[in-house]
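Since every read-out is calculated from the coordinates, none of them should be taken as a lab result. Only a predicted model underlies this, so the values are computations on that prediction, with no experimental measurement involved. Reconstructed Cβ throughout: ideal geometry from the backbone, glycine too, with neighbour counts over all protein chains shown.
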Amino acid sequence: MAGRKITVIGSINMDLVTSTTQIPKVGETVLGNSFHTIPGGKGANQAVAAARLGADVTMIGAVGNDSFGETLVEHLTNQGINTENIMIVKDTSTGIASIIVSEADNSIIVVPGANNHVSPEVIEKQEDKIIHSDIILLQLEIPLESVIKAVELAKKHGVRTILNPAPIQKLPKELLEMVDYLTPNEHEQTLLFDSIDGSQQELEKFKKKCIVTKGSKGVMIYKNGEKMEIPSIQVEAVDTTGAGDSFNGAVATALCDGLDIEEACRFANVVGAISVTKLGAQTGMPTKKEVEEFLQVHKSS
């Protein structure tokens, strides 16, 4: 069996979720229904997803020297994730996402905080950890130059990389050249390729690295250069938060196990489907045992 060492380089946030029947106007005060602090950040979410599926996961990122940072590192450690490479930044707050939920809609303010301290210099100091990984999994909630540095080091040592280009932004062609897999959703893929100034041949080459998630419509991949649609697994969705992060962690784990791109995406579809049947991002992410049990029921139904 292939190795299962996944290093996730990315954001670690605390989500501050307020539920209310009415979003206040400027200068207005309203009463809310509930408030929760929930571990989040795309990097941390994807690390938890892979760890729950049995991968050996290391998290590289940063938190502030505050209570949120302490809680988040402890939470990741309890998930079986190696947290030794998480930097504690003094005089800086841990990243947060302030989320107001009202009538199935939401408004979000993200304050990156310590995530902005994951600099290229910090990444360079992690070269040894990158060398000994089977896959590096990245997103775009840390500085772009740090993502580029991580992919450069992985490429130098022949380590495969998966880049989840979210939140979407314009990416340099040099980065797209180096990365092995891109995992945008449909909207992100459109914005990503509309922003690239390149020849049609270049664009096609980059598109063939894409694993495009399409929600209830499944996944689109390129296998042996040919476009392939993989249908989703139909479930009754309760909460789609974190489904994409579950999918990314699952793809990384499956590729580490030696599955080909089609098999990896079929497995990740199952993981994503289970995750939306539960409330919360990380709380909804299934274990390997839950995936196996789901597949047994699904096969017999």
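Rounded, prolate or oblate: which one fits the range 155-301, using the alpha carbon gyration tensor with axes a ≥ b ≥ c (rounded when a/c is under 1.5, else prolate when a/b beats b/c, else oblate)?
Since a/c reaches 1.5 and a/b is larger than b/c, the shape of the range 155-301 is classed as prolate.
Please report F267, F35, F294, F247 as a ranked list, fewest other C-beta atoms within 10 angstrom at the top and most at the bottom. Kindly include the intermediate steps, with their values, before the conclusion.
On the way: F267 21, F35 10, F294 18, F247 27.
The fewest-first ordering by Cβ neighbours comes to F35, F294, F267, F247.
Given the C-alpha centroids of the range 113-157 and the range 187-221, what is the distance between them in whole angstrom?
Each part's Cα centre sits 23 Å from the other's.
Determine the gain in length on full extension of the stretch D239-S98; use 0.36 nm per residue of separation and subtract their C-alpha separation, reporting nm with one decimal. Don't jump to the answer; show the numbers that get you there.
On the way: separation 141, 0.36 × 141 = 50.76 nm, distance 1.81 nm.
Between D239 and S98, full extension yields an extra 49.0 nm.
Where in the range 84-184 are there GluC sites (Glu not before Pro) that are in a DSSP coil and have at most 12 other Cβ atoms within 10 angstrom of their Cβ?
Details: sites: E84, E103, E121, E124, E127, E141, E145, E152, E174, E177; in loops: E84, E103, E141.
Those satisfying the criteria are E84, E103.
Considering the zone a paramagnetic label at V111 would reach in this model (a point 7 Å from Cα along the Cα-to-Cβ line), which residues of the range 3-29 have amide N under 14 Å from it?
It comes to 13-17, nothing else.
Please work out whether the range 1-146 counts as rounded, prolate or oblate from its C-alpha gyration tensor, where a ≥ b ≥ c are the square roots of the eigenvalues and a/c under 1.5 means rounded, while otherwise a/b larger than b/c means prolate and anything else oblate? Before the final figure, lay out each step's value.
Numbers: a/c = 2.44, a/b = 1.86, b/c = 1.31.
Judged from the Cα gyration tensor, the range 1-146 comes out prolate (a/c at least 1.5, a/b above b/c).
With 19 Å as the limit, write out which pairs from K155/K205; K129/K289; K90/K129; K5/K129; K129/K207; K5/K208 have Cα-Cα distances beyond it, or answer none.
Numbers: K155/K205 17 Å; K129/K289 28 Å; K90/K129 24 Å; K5/K129 10 Å; K129/K207 29 Å; K5/K208 25 Å.
Among K155/K205; K129/K289; K90/K129; K5/K129; K129/K207; K5/K208, the Cα-Cα distance tops 19 Å for K129/K289; K90/K129; K129/K207; K5/K208.
Give the relative contact order (percent, whole number) for the range 196-242; include only Cα pairs under 8 Å separated by 6+ residues.
Normalised by residue count, the contact order of the range 196-242 is 23 percent.
Classify the range 79-220 as rounded, prolate or oblate from the Cα gyration tensor: take a ≥ b ≥ c as the square roots of its eigenvalues, call it rounded if a/c is under 1.5, otherwise prolate when a/b beats b/c and oblate if not.
oblate
What fraction of the DSSP beta bridges in the range 153-255 is antiparallel, stated in percent and rounded to the nearest 5?
Once the DSSP bridges in the range 153-255 are tallied, antiparallel ones form about 65 percent.
Quick one: putting +1 on the C-beta of Lys and Arg, -1 on the C-beta of Asp and Glu, what dipole do you get for the chain around its Cα centre, in Debye to the nearest 20?
Approximately 480 debye in magnitude.
Cut-off 18 Å, label point 7 angstrom out along Cα-to-Cβ of E28: give me the residues of the range 103-123 whose amide nitrogen falls inside.
103-108
Compute the Kirkwood hydrodynamic radius of the chain, taking the inverse of the mean of 1/r over all pairs of distinct Cα atoms, and give it in Å to one decimal.
19.6 Å
Tell me, what does the Kirkwood hydrodynamic radius of the range 245-298 come to in angstroms if you use every pair of distinct C-alpha atoms?
Roughly 11.1 Å, rounded to one decimal.
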